[in-house]
Amino acid sequence: MTRKEHTVRWLILVVKLPSEPSRHRVAVWRELRKVGALSLGQGVWAVPDVPAFGGGMTRALELTERAGGESIRLDAAGRGPEDATRFAALFTAAREDDWTEFLADCGKFEEEIAKEIRTAKFTLAELEEEEQSLERLRRWHRDLTARDVFGAPLAGKAGERLAHCVAVCEEYAELVFRALHQAGGEEQ
């Protein structure tokens, strides 16, 4: 167990929402999943009590209140080092799942650009679309990094993979501009 795992306090959120309409439960669930909260059971969520989670937890509380639900916020710490270790392990496992999904999306991004190169689709419109996809990956990486407070093992690999995606996109941009220059500056 690291010192960080042992010293982190946890924010526990207990949420009770009306069963209908279900959109309210879904909205709160989505917000808590988006922020990276760890589900401990029906309506019980936990996050490390660090600033990165404050905004998302506040939004979840606001959504709960607007839906006519009830919520309780609790500050918590394990009763011993084994509790702190277990919480950190559960939280890190959830982040590892997030990083796995991120890496899969990086693969899809790289495959998409490889397809565009194979088919010689060198247009500014396609380049703009790929740059938007890359920006989405960058935002996602930034968000995951902010909530990966214990340093999941795949975080380093994800950073390397994002750097590779940037390089792939830059290479594709060069091919697009070269093709446009050769065509006299007009899109093909």
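The values are calculated or read from the model by the stated rules, or taken from the named source; none is laboratory data. All of these numbers come straight from a predicted model, not from anything done at the bench. Quick reminder, even Gly has a Cβ in these numbers, built from the backbone with ideal geometry, and neighbours come from all protein chains shown. Each accessible area value is taken on the protein alone, full model and side chains, heavy atoms only, with ligands, DNA and RNA left out. Shrake-Rupley method; radii C 1.70, N 1.55, O 1.52, S 1.80 Å.
Of the listed requirements (1) surrounded by 15 or more Cβ atoms within 10 Å (Cβ to Cβ); (2) at negative phi, ARG66 misses just one: (1). In the stretch 109-131 there is at least one residue that is assigned to a helix (DSSP H, G or I), open to solvent by 50 Å² or more (accessible area, probe 1.4 Å), farther than 30 Å from LEU38 by Cβ and touching a Phe, Trp or Tyr at 6+ places or on another chain (Cβ under 7 Å). Note on the stretch 32-51: residues that are within 15 Å of ILE12 (Cα to Cα) and either basic (Lys, Arg) or assigned to a helix (DSSP H, G or I) (or both) amount to 4. Residues of the stretch 52-92 that are assigned to a helix (DSSP H, G or I), touching a residue at least 40 places away in the same chain (Cβ under 8 Å) and either in contact with a Lys or Arg (Cβ under 7 Å, 6 or more places away or on another chain) or closer than 18 Å to GLY151 by Cα (or both): ALA52, PHE53, ALA84, THR85, PHE87, ALA88, LEU90, PHE91, THR92. Candidates in the stretch 30-56 are the residues that are within 16 Å of LYS16 (Cβ to Cβ) and not small (Gly, Ala, Ser); of these, the one that is surrounded by the fewest Cβ atoms within 10 Å (Cβ to Cβ) is GLN42.
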